[in-house]
1. Suppose each label sits 7 Å from its Cα in the direction of the beta carbon; what would the K305-V173 distance come out to in nanometres?
2. Quick check on the chain: take the gyration tensor over C-alpha atoms, sort the square-rooted eigenvalues as a ≥ b ≥ c, and tell me if it's rounded (a/c under 1.5), prolate or oblate.
3. Enter the angle in degrees (range 0 to 90, nearest 10) between the Cα long axis of helix 253-273 and the first principal axis of the Cα atoms of the chain, meaning the one along which they spread out most.
4. When the Cα centres of segment 146-209 and segment 38-71 are compared, how far apart do they sit, in Å?
5. Please compare each pair in K55/K305; K94/K332; K185/K220 to a cut-off of 25 Å on the Cα-Cα distance and tell me which ones are over it.
6. Assign one of three labels to segment 509-602, namely rounded, prolate or oblate, based on the Cα gyration tensor with a ≥ b ≥ c the square roots of its eigenvalues; rounded applies when a/c is under 1.5, prolate when it is not and a/b is larger than b/c, and oblate otherwise.
7. Tell me, W571, W540, W382 in order of fewest to most beta-carbon neighbours within 10 Å?
8. Answer with one residue from S538, T132, L72: the one whose Cα lies farthest towards the positive end of the charge dipole of the chain, charges on Cβ with Lys, Arg +1 and Asp, Glu -1.
Amino acid sequence: MQKLLYLTDSYRKKLETEIQKIVRKGSVWHIFLKDTIIYPEGGGQPSDLGIINGKTGKARVLKAIFTSEGVLHECQVEGVIKAGDRVTIYLDWKRRYLNMRLHSAGHILHEAVATLFPQLVPVSANHSENNTLIRYRGEIPIGKAGEIERIANGIVDSNVSITSAFVTYDQLVQQASFVPVHLPKNKPLRIIQVQGFQPIPDGGTQVALTGETGLISIPKIVNHDGLVDVYYSIEKQTTAVIPDILEASPYSVSDLTAELIQIQTETIDQINNIDLPDFELRQKALGQTSRFSNLAKKIRDIPQKERSQAGIIINEVKNAIETALSHKFTRKHKSQGFFDPTLPGIKPKLGHLHIVSQAIEEITRTFERIGFTRVRHPEADWDYYAFEALNMPPNHPARDEWETFFLSYPGENKKDLTKKMVLTPHTSNGQVREMEKGIFPIKMINIAKCYRRQSDVSHASMFHQFEGLYIDKNVSIAHLKGVIEYFVKSFYGQDRQIRLRPFHFQFTEPSFEIDVTCGICHGQGVRADNEPCRLCKSGWLELGGAGMTHPNVLKAGHVDTSIYNGFAFGWGVERTYMMKSSTNLDDVRILYQNDIRFLEQF
Ligand code: PHE
């Protein structure tokens, strides 16, 4: 047996129940529920509205009527709802409470009318908001409205209770002040009683206290055809104390969901039916003062532990509204269908070389002008070329300076230290490889990726070096100095100077570090205002290593040291280029993060 909970608890706004039956009728669905709080129209009271919310779909109640199978909810359905689904009904409480107040006011009015005119027989009533009236058989003399109003409002003011009880037909006949001609056959019989008056048969929803209706007024009384219509209305808002029960349940996710779903349906209806400029329509639907935004703010009232769930629902509703907006906009602009062939076309974006590739190009061109040739050597190479051939036998402590990535490979013998493979930690692996070609003189410029186990703001684990090697007859430090000076002046500017600072590398002897005068303070170390230079501090910037090729390296490359000797230098591409453009990167790793906003600046 379906429980009609609106009869026993007219203040119930939410109910969890189950779908018993759902059938499609044209564009709407007929839903029967195990139990309901939705009042079906009848007894002069209009039908309730509400939302039936399932896990996979929701139904908007357009109307409910009473049938032999119980309350039929006529609904619009979104998503999927099927028999057996657990659902939650959310009542449109604002509408219901108004209907309840109007209905109870009708009963109070009746008690006032019956007090003055006991011979009148009630015929029918309309307790909906428009044309609200009670119709009696009989007549009311002109000028009685004020008196009826006074009695009715006396009952309102006294704020007495309105109670109800289920009864048998016999009890009803015995207790009620009148018995309607057509008593409903398939509904439970109920009487209600305004405290101090005789019970009346009624199946509607009533307020608990007469004060809740607010003051009653009678705009007109119309006698016609042996009948009299007593029209009435109630205050828009009551000043009466509404019982606590209204505020009893805290605002929960389900309450918010119910309201959101309603706003979603209504907003989408609006979007589809209102013609406004795109911007205004969006503003109306989702703007700061939209109903949606106002409701979304209520998330603050939701208990903490349900808030994230509320957030998800708010987002879903927002997305649904967004989608409706964009569909509307596309529909609208499509239907306008105007194509202007005179509009200029859209230019494709032009790309350009990565800043490091540009630097490599420029370095290559600069060395090519003095007869160097760019070569390439393996990026994954034997330990032999990276270290051993460069005068650093296995376990030599100097190796530690290159924080090397070692590679394993199929068939590797881990014990054989001479057969290890590395990701080249510097471009010097190209030196002996180039010598092994046996073609002299050698004037190579080897530019390649290098890898070291380091990553911080000034080091990326992958970077680039360019390695120069010159092997010929009678090569001296003067040649080394000349080549470097040439490079520095053409790359950085004629005013730049270099200096060679003694250093140590295993593969060159003697070895140097090359410094260049600072482009900001011109080697002074101080600015015009005598403050220390912020870029270099000392007047010099460090370029990188160089030196005269060590005889052991020449021997490893099968070079006849009685004929040939040479020099080598190896510098970082990124560093060299940054020094030119005075681009001070807070973090060099950004070069390799493919952030177009950074890269397109160069
Ligand atoms: N390979 C050295 C480094 O990575 C640089 C260098 C190259 C030094 C050639 C001397 C000669 O630091």
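1. Label-label distance for K305 and V173, simple model: 5.6 nm.
2. prolate
3. Around 90 degrees separate the two axes.
4. 24 Å
5. Among K55/K305; K94/K332; K185/K220, the Cα-Cα distance tops 25 Å for K94/K332; K185/K220.
6. Values: a/c = 4.24, a/b = 1.58, b/c = 2.69.
Note, shape of segment 509-602 comes out oblate.
7. In order of increasing Cβ crowding within 10 Å: W382, W540, W571.
8. L72
Here, each number is a calculation from the coordinates, and none is a lab measurement. A quick note: this is a predicted structure, and the numbers were derived from the prediction, not measured. Every residue, glycine among them, receives a Cβ derived from its backbone with ideal geometry; neighbour counts consider all protein chains shown.
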